[in-house]
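The values are calculated or read from the model by the stated rules, or taken from the named source; none is laboratory data. What you see is a predicted model, and the numbers here were worked out from it, not measured in a lab. Positions of Cβ are backbone-derived with ideal geometry, glycine not excepted, and every protein chain shown enters the neighbour counts. The protein model used for the area step is the full one, side chains on, heavy atoms only, and it has no ligands, DNA or RNA in it. Shrake-Rupley method; radii C 1.70, N 1.55, O 1.52, S 1.80 Å.
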Amino acid sequence: MAYARRKALDMTAEHLLSDLPQLRTPCVMVIFGVDGDLAKRKLFPALYNLMSGRFLPERFSIVGLDRAEMTTAEFREKLDRVIGDYLPADVEQSVWQALSERVHYLAGDFQEGLTYRRLNDLLQQVDASAGTGGNYIFYMATIPGLFGQIVMHLGEYGLTVERDGTWRRVVIEKPFGHDLESARALNRELQRVLQERQIYRIDHYLGKETVQNILVFRFANGIFEPVWNRQYIDHVQITVAESLGVEHRGRYYEEAGALRDMVPNHLLQLLCFLAMEPPNSFAADAVRDEKAKVLRGVVPLSSLDVLRFVAFGQYGPGTAEGKPVVGYRVEPHVAPTSMTETFVAMKLFIDNWRWAGVPFYLRTGKRMARRLTEIVVQFKRAPFMLFRKTAVDRLAPNVLVIRIQPDEGISLRFDAKVPGPTVRIGTVDMDFQYADYFGNAPHTGYETLLHDAMAGDATLFQRADNIELGWAVVQMILDVWKSLPGAAAFPNYHSGSWGPPEAEALLKREGREWWDGGRA
Ligand code: BG6
């Protein structure tokens, strides 16, 4: 076994190195909102990792825009001061310096035409001095309200036009709209200026190795697909639990809530990868077509269904990692009578040949017992008849757990005979841990996504219809929830618990239990 494991590791190390090809086409990455949180927490660390692995093109520059008046030298100094906390502990200073020297800063108001004229001039200068060839990737790391306007201005100043073999792409962060109507409106706004193939709508869950592995696990192994359907699967649970609270994002979260923040994007991505049919290739549209079919198949909830099959929660005081923490209503920028949900659980069905009648239970929440993102596939029980005359009173179902984070891995639970003269049965786990085979490579989840956007591969990005279909799934829930102010007695779960009793009840009344990282 040890030998087999070592063998797999060697092959993988080699494979990983050659995995992301070095990008050959020069380009400039233009970051709107470069002085903000996302840039320092995710984008620069990801660019550092890409640079350190020599994956970025040799001729590559960054132009960052934000409102604060600063020179390029001042911005680089500021970045140097704060970036340490977000780079790997064993950061190679020479790599960071080489990246930082490629950064140019431009101060400006994103709503003024002048900013785009100056951006145009700066890009020409950068192209001339760094040989970046007129290929630009515009990254929207601003507040969402500005996405449409920025793209409109880029269009006005000719910055989105692909001339003489150059390319221009726009990466849009989430949230993409705040409901179905606003998502549609934003799509229309973008498509007035850009072609669909120029738009890269990001969902950072798709940058996670373990999420991408769902497809490999399902489609590169012959043994799972034959049982991956309503004949063998009893139900599926998708949990995205966070131990963090709302932190400093109260202002945004009050408007968003758990449902908008997590479900139409991250949870539905997991659902799509788990439930989709095999695409006929990994080409962007082949994968996105299959995802769209899953979302189209989700059975719309009536208002009565929302009341019966959706549970909302809001955290009160309690503990997080052993320390006392306050409830949501006393977090900064949160109203003391806030009815914003910090937890939501629901039961959905997908009406197609493969999944008809199989419940998919989804839940997500903040300040839950621990950080845990996992998918649990519970299989139907074997017939009991052989064990009728033994001491065994029930057979446990087989359960496949796909652990997305932390403690990334996959385990399969099955029944085994407890050694001894009588027939007694215990459950055992066959466990695969990523770290055992592949080590812990430093990554933020954004590396693959940035690399793919620069390479022009949109497979891991959301197409317009995927976004709208995701919103369509949750729209009825949003509507019913809005029309019932005060419907829930908030707060209704303690920080550090697994959510409100209503969520437990959702499964219990059907004779099921949440898995809770191994508890069920
Ligand atoms: C973001 C949400 O999209 O995802 C946050 O806005 C949430 O509220 C985060 O905390 C979770 O991401 P991850 O990668 O930590 O699971």
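Cross-linked pairs 293/347; 293/508; 174/347; 208/482; 42/291: Cα-Cα separations exceed 21 Å for 293/508; 174/347; 208/482; 42/291. Amide H contacts of residue 493 (H built 1.01 Å from N, in plane; Pro and chain starts excluded): 314, 316 sit under 5 Å, all sequence-distant by 5 or more or on other chains. Kirkwood radius and radius of gyration were both taken over the C-alpha atoms of segment 164-210, and their ratio Rg/Rh is 1.05. Placing a pseudo-label 7 Å from each Cα along the Cα-to-Cβ vector at residue 299 and residue 54 gives an inter-label distance of 5.6 nm.
If the chain linking residue 77 and residue 437 were pulled fully straight, counting 0.36 nm for each residue of separation and taking away their Cα-Cα distance, it would gain 125.7 nm.
Binning all Cα-Cα separations of segment 334-425 at 10 Å, short to long from zero, yields these whole-percent fractions: 12, 27, 28, 21, 8, 3, 0. Converting phi to 3J(HN,Hα) with the Karplus coefficients 6.51, -1.76 and 1.60 and the offset θ = phi - 60°, segment 61-71 yields 9, 10, 10, x, 10, 7, 7, 4, 6, 7, 8 Hz in sequence order, with x at every glycine or proline. Along segment 232-243 the Karplus relation, 6.51 cos²θ - 1.76 cosθ + 1.60 evaluated at θ = phi - 60°, assigns HN-Hα couplings of 10, 9, 7, 6, 10, 10, 10, 10, 10, 9, 10, 8 Hz to successive residues, with x for each Gly and Pro.
Note that the chain presents 46 Å² accessible area per residue, ligands and nucleic acids not counted, probe 1.4 Å.
DSSP assigns beta bridges within the chain; of those with both partners inside it, close to 55 percent run antiparallel. Once the Cα atoms are used to define both axes, helix 209-219 deviates from the longest principal axis of the chain by about 60 degrees. You can think of it this way: the chain between residue 337 and residue 382 has 11.2 nm of extra reach, that is 0.36 nm per residue less the Cα-Cα gap. The phi torsions of segment 308-318, fed into the Karplus equation with coefficients 6.51, -1.76 and 1.60 and a -60° offset, translate into couplings of 8, 10, 10, 10, 10, x, 9, 6, x, x, x Hz, rounded to whole numbers, with Gly and Pro shown as x.
Estimated translational diffusion coefficient (Stokes-Einstein, Kirkwood radius over Cα pairs, 25 °C, 0.890 mPa s) of segment 94-142: 198 µm² per second. Measuring r between the beta carbons of residue 281 and residue 191 and using R0 = 22 Å, the FRET efficiency lands at 0.30. When restricted to Cα atoms, the chain yields an Rg and a Dmax of 24.5, 85 Å, respectively. Taking amide H as placed 1.01 Å from N in the peptide plane, residue 64 has its amide H under 5 Å from the amide H of 31, 104, 105, 106, each at least 5 places away in sequence or on another chain.
Scaling the Cα radius of gyration of segment 278-382 by the globular reference 2.2 N^0.38 Å produces a ratio of 1.44.
Other residues whose C-beta falls under 12 angstrom from the C-beta of residue 81 contribute a net charge of -1, scoring Lys and Arg +1 and Asp and Glu -1.
Tell me whether segment 385-504 comes out rounded, prolate or oblate; compute the Cα gyration tensor, take square roots of the eigenvalues as a ≥ b ≥ c, and use a/c under 1.5 as the rounded threshold. Oblate.
Modelled spin labels at residue 157 and residue 118, positioned 7 Å past Cα toward Cβ, are 0.9 nm from each other.
Modelled this way, with points 7 Å down the Cα-to-C-beta line, the labels at residue 212 and residue 224 are 1.6 nm from one another. Extension gain, residue 146 to residue 411, is 91.1 nm, computed as 0.36 nm per intervening residue step minus the present C-alpha separation. For the chain, the relative contact order works out to 18 percent when only alpha carbon pairs closer than 8 Å and six or more residues apart are counted.
Ligands, DNA and RNA aside, residue 52 has an accessible area near 50 Å² when probed at 1.4 Å. Mean projected area of the Cα convex hull of segment 152-308, taken over all directions, amounts to 13.3 nm². Rounded to the nearest 10 degrees, the inclination of helix 147-156 to the longest alpha-carbon principal axis of the chain is 30 degrees. Distance from the C-alpha centroid of segment 131-196 to that of segment 436-510: 24 Å, rounded to the whole angstrom.
Each of the peptides 38-49, 413-424 was scored by the mean count of other Cβ atoms within 10 Å over its residues; in descending order, highest first, they stand as 38-49, 413-424. Under 5 Å from the amide H of residue 138 lie the amide H atoms of 30, 169, 170, 171, each residue being 5 or more positions distant or on a separate chain, with H modelled from the backbone and absent for Pro and chain starts.
The fraction of accessible area contributed by carbon and sulfur in the chain is 54 percent, rounded to a whole number (1.4 Å probe; ligands and nucleic acids excluded). Here the Debye sum runs over all C-alpha atoms of segment 350-404 as equal scatterers in vacuum, and log10 of I(q)/I(0) at q = 0.20, 0.24, 0.25 Å⁻¹ comes out as -0.91, -1.02, -1.05.
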